[in-house]
Structures are given as C-alpha cells and as structure tokens.
C-alpha cells in the first residue's frame, strides 16, 4: 500500500477536514463545569458518528463522569491504540478573547494562517489529525494498514477521575502493540518531536476561613484577621529567594539528568530568550542554578493557578472577606510521590495559619512522572517518518506538561506510549485566543499517514 495517493487525498480534502474540525470545535465541551455536561455528551456523540463514517465499530461508554468513546477498525498487521481527549478548558475570561471561543475561524497571522478557538490545539485539532489520516487511508485503499482502537476521553482537563477505573475494567479491549497520543508540541515550533518524558501532576484547592461573615474594614480593619492576608503569606512561603520550593521533602525522588541526556538537550540549542520574549518576558524565574530547558523538562514546580477572595466586581467595596481561595498545582519529576507531597503541603499550610483561621482542602489530580523507553524500533521509524514530512530532523525531547494517560498505558496495560504532537509555543493553551496553525493541522495529518505506513512496514 503506497502513501503518495493518501497524502494527495489529505491535501485535496483539507477544506472538508477543516469543516469537520470546526463542527467539533463549536461544541463547548468544558469538562470542569457541570453546567456543560450535555455539551460533553454532544461532543462524544459527534465523535461516535464521525468514527462510524469511517466504518468503525464504536460507542459511547458511560463513566461516573463524562463518557469515553471507544471504537475499533479492523485491519492487517499490528494493533495500535490512538488516544485523544475531546474536552476543553473553560474559556474564561471571555473579555480577553477577540472572538467567540466556540465560533472557530481561520485568521491570518505573521506566521501563516491559524485556526482560532477553544480546543483548537488542546486537543480537538490534534485529535482530528489522526482521524483525518485514517479517513484518507480508507478513502484511498479501502482499509487501514493496521488495526486501530480509538480511545477518546472527556475528562482530561478535569483530572481524568474516571480514566484509571475504566482502563482497568476494559484492559483486555484496550491493550495494543503501541499507544499513539497526539497531545504534545513541536520543539521551538519548528522541529517535529517525539516526547520521551512527561512531568507528573498534583493539584490542590484550598479555602482559608477567618471571620464568620464579611466585615466592614472601617470597624474591623487591623483588628480582625484577613484571610486574604493569611493566604498571601502561605503562597509567599512556598518558594525561597532562589526559586526552590520550600515544602518539606518536596525534592525527594528528584535526580539530576545524565551527562548523556544533558548533551542531547544542549545540542538542541534551545533559545530561552526567544521562548520568553514570545510571551513578553525576559528573565527565567525558576531555580537559579538550572537552565531554562531543565526547568521545563526535568525539574519540579509549584505554581499558583488561581487566587480569589473579597470584592472583585466593578467599583470598590471596603470589606474584609470571610474567605480566601487558591488553586495550586505541582509538576512532578522522577520518583516524586504526589500523595506524600500533598500531605506535606497540607501540613505546611496548617503550620502557617493563625489561631483564628481554618483551612479546608480539596484534592484534584495526583499522578507520577512518566519516562518512556525509546529502544523499541517503532520510535526510530516514527522519527524518520516525521523527518520526511517536515524536512527537518525530528528530535526526542522532554515534556513540560503532564499527560497521566501515558504512564497509565505503561502501568495498567503494559503498552508503550508514543507521543507525537504538532502544537507550537504560541498556541495559547488554556488561555484566551487559543489557536492551532493550519500548517500544524495539515502537516500533522500528513505526518500520521507517514507514521502509520512506517509502523506497519
């Protein structure tokens, strides 16, 4: 089975493929907000119908949360599983968007045409590159060059609470020769890449409570303890002056990268100045004794993702709030134990509270870091296929993000994950005006065509 006609089909079908992507993007499948549950269901239904149009045996599987979409297309040769997620981050703050986040459109940019809208890069646009590659294969040859299982999740952006139980219950159905994941990015927006390590994730939400009601600051200011002041002190205490995290035991399980890996990373010639300049910054803010690439790929972090309390609407209200809130996440590496860090973090917060304040915690995700063995021949075949499509030597890189499913494939299914994505540094993931380059969508689809051919040689 030759690929030239398949690649030509991808090229000629690009307008139709974009329309299909736009239809999926218009569904506001926000998994973190229960008000959007029906929209998550609608996105799952849309994917079921689309995969059925390829001839897949597919259905929507219920979970305690949002449904999974599982589909199968039989074929010769090896069996590959493809994973992606159809849920998206909330679009807030809406005032910072230049257009309706769920009314996708193509815009011209200095670097070419982009698709603008929530979920374009994370992860609907990436997911559909693989689906469109399969569509082109089937259109040209009547079948795929292998057996494919589609495994599409609706809770990735909300910590994947249903994922592990579902994988354990359906392990035999989901087990495959290789798991393909498209939820990563290119290196410096120009070099195709295979991600070989991912950081783990721990997420904590806390509420500090002081007085039993909001207070008039003229009567109680200076006398009553202000929960925002308390919470600010807690947050300020999480890092020292060198950028290191101060939680007791936080660095247990963290090891330095090997000299060989350090040499590989140095050979990439990462331009951290440009990386920061792209977001109007100039000075690395992490651990002062680490390179910016180390900070991103091999060092753990503690970040405040949200903080609120008191009066924040228009105008002014002189009030001491009863409560203050924060959402704090940790990116983990090596053998760091997320549950041990959670316990240590909570204990540290408790020790920083004055007697008149209390705190409650809400646990969200907790996943260890993932390191992938690239000795399997599939990795080099995929790397060569990527290089052929982009006319740039593809690289093995670390990943700064967290994709817990990668580790679950290894630990639960015994399946090696192959992570390839076509995102770019300026895609504004999780932010207003998220975008995905038309080039990323088009050449990403062509890349999967080549990769499927290479993996089935």
- Kindly rank 257-265, 429-437 from highest to lowest mean number of other beta carbons found within 10 Å of each residue. 429-437, 257-265
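Taking the Cβ of each residue in 358, 158 as the centre, tally the other Cβ atoms inside 10 Å and list the residues starting with the fewest.
Details: 358 12, 158 20.
Going from least to most buried by this count: 358, 158.
Sorting 32, 351, 301, 149 on the 10 Å Cβ count, fewest up front, what's the list?
Working: 32 14, 351 10, 301 18, 149 21.
Going from sparsest to densest Cβ surroundings: 351, 32, 301, 149.
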- Compute the long axis of helix 124-141 from its Cα atoms, compare it with the longest principal axis of the Cα atoms of the chain, and write down the angle in degrees, 0 to 90, nearest 10. 10 degrees
- If one compares the long axis through the Cα atoms of helix 37-53 with the longest principal axis of the Cα atoms of the chain, the angle in degrees, nearest 10, works out at 10 degrees
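If we sort 192-198, 363-369, 140-146 on the protection proxy, mean other Cβ atoms within 10 Å, highest first, what's the order? Walk me through the numbers on the way to the answer.
Working: 192-198: 24.4, 363-369: 19.7, 140-146: 17.4.
Answer by packing, highest mean first, reads 192-198, 363-369, 140-146.
Which three semi-axes in whole Å describe the equivalent ellipsoid of region 1-110, each the square root of 5 times a Cα gyration tensor eigenvalue, listed largest first?
Working: eigenvalues 157, 103, 22 Å².
They are 28, 23, 11 Å, listed from largest to smallest.
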- Measuring from the longest principal axis of the C-alpha atoms of the chain, the long axis of helix 338-351 (C-alpha) lies at a number of degrees, nearest 10, equal to 20 degrees
- Query: With a ≥ b ≥ c the root eigenvalues of the C-alpha gyration tensor of region 255-298, is it rounded (a/c under 1.5), prolate (a/b larger than b/c) or oblate?
  - Reply: oblate
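With both partners inside the chain, how many of the DSSP beta bridges are antiparallel, as a percent to the nearest 5?
Working: 52 of 73 bridges.
Of the beta bridges lying entirely in the chain, close to 70 percent run antiparallel.
Based on DSSP H runs of at least 4 residues, each adding -39500 (n - 2.57), what is the mean residue ellipticity at 222 nm of the chain after dividing by all its residues, to the nearest 500 deg cm²/dmol?
On the way: 15 runs with 153 residues, N = 457.
So the helix-based figure for the chain works out to -10000 deg cm²/dmol.
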- Message: Please give the Cα centre distance for region 310-352 versus region 269-299, rounded to the nearest Å.
- Response: 25 Å
- Message: I need to check one value: relative contact order of region 10-154, counting alpha carbon pairs closer than 8 Å and at least 6 residues apart, in percent.
- Response: 33 percent
- Query: Restricting attention to the alpha-carbon atoms of region 124-270, what are Rg (one decimal) and Dmax (integer), both in Å?
  - Reply: 24.5, 78
- Counting pairs of alpha carbon atoms under 8 Å apart in space and at least six apart in sequence, what relative contact order in percent does the chain give? 26 percent
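Arrange the following residues from fewest to most other Cβ atoms within 10 Å of their Cβ: 272, 325. Kindly include the intermediate steps, with their values, before the conclusion.
Working: 272 14, 325 19.
Arranged by neighbour count, lowest to highest, 272, 325 become 272, 325.
Considering just Cα atoms, how many Å³ per residue does the convex hull of region 72-195 enclose?
Working: hull volume 18.7 nm³, N = 124.
Cα-based convex hull of region 72-195, divided per residue, equals 151 Å³.
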- For region 1-75 and region 361-402, what is the separation of their C-alpha centers, rounded to whole Å? 23 Å
- Item | Cα-only Debye scattering, region 66-129: base-10 log of I(q)/I(0) at q = 0.19 Å⁻¹ | -0.85
- Query: Any idea what the alpha-carbon Rg over 2.2 N^0.38 Å comes to for region 219-342?
  - Reply: 1.39
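Since every read-out is calculated from the coordinates, none of them should be taken as a lab result. Everything numeric in this text was worked out from a predicted model, so none of it was measured. Virtual Cβ from ideal backbone geometry, glycine too; neighbours counted across all protein chains shown.
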